[in-house]
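S.K.: Structure provided below as structure tokens; questions to follow.
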Amino acid sequence: MSKRAIQAVLALSVVLMATGIILKVTGNGGADTAGTVAVSLASVGSIVAAIGSSFRAAREDDSPHR
């Protein structure tokens, strides 16, 4: 995963997390459910970014040093 992609996923996760929290706090019924979904998607995005970052770091460590 490229550095730019990792940054994009993390930025989207932050936006989703903030939106989800706002929906959960202010909403009822459908808005509360949408907030829960947004927070869940943000969590998944953070995990994906962390895994991508780990693979990127591992790949850079395996490259020959010049």
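The values are calculated or read from the model by the stated rules, or taken from the named source; none is laboratory data. All figures in this text were calculated on a predicted structure; none of them were measured in a lab. Because the Cβ atoms are built from the backbone with ideal geometry, glycine has one as well, and the counts that use them run over all protein chains shown. Accessible surface is based on the protein model in full, side chains and every heavy atom, while ligands, DNA and RNA are left aside. Shrake-Rupley method; radii C 1.70, N 1.55, O 1.52, S 1.80 Å.
S.K.: Dipole magnitude of the chain about its Cα centre, charges +1 at Lys/Arg Cβ and -1 at Asp/Glu Cβ only, in debye to the nearest 20?
M.R.: That gives a dipole near 200 debye.
S.K.: Find which of 15, 48, 58 sits farthest along the positive direction of the dipole of the chain, computed with +1 on the beta-carbon of Lys and Arg, -1 on that of Asp and Glu, about the Cα centre.
M.R.: Farthest towards the positive end: 58.
S.K.: Next question. In vacuo Debye scattering of the chain, one point per C-alpha: log10 I(q)/I(0) at q = 0.29 Å⁻¹?
M.R.: Log-scaled intensity ratios, in q order: -1.07.
S.K.: While we're looking at this one, here's another question. Using a 1.4 angstrom probe, figure out how much accessible area the chain has per residue, in square angstrom, rounded to the nearest whole.
M.R.: For the chain, the solvent-accessible area averages 71 Å² per residue.
S.K.: Provide the per-residue ³J(HN,Hα) series for the range 27-37, in order, calculated from phi with Karplus coefficients 6.51, -1.76, 1.60 and θ = phi - 60°, each as a whole number of Hz, with x at glycine and proline positions.
M.R.: Computed from phi, the couplings for the range 27-37 are x, 9, x, x, 5, 5, 5, 4, x, 4, 5 Hz.
S.K.: Could you give the angle, 0 to 90 degrees to the nearest 10, between helix 3-26's Cα long axis and the longest principal axis of the Cα atoms of the chain?
M.R.: Once rounded, the angle reads 20 degrees.
S.K.: Could you look at the chain and say what percent of its accessible area is carbon and sulfur, using a 1.4 Å probe and all protein chains?
M.R.: 67
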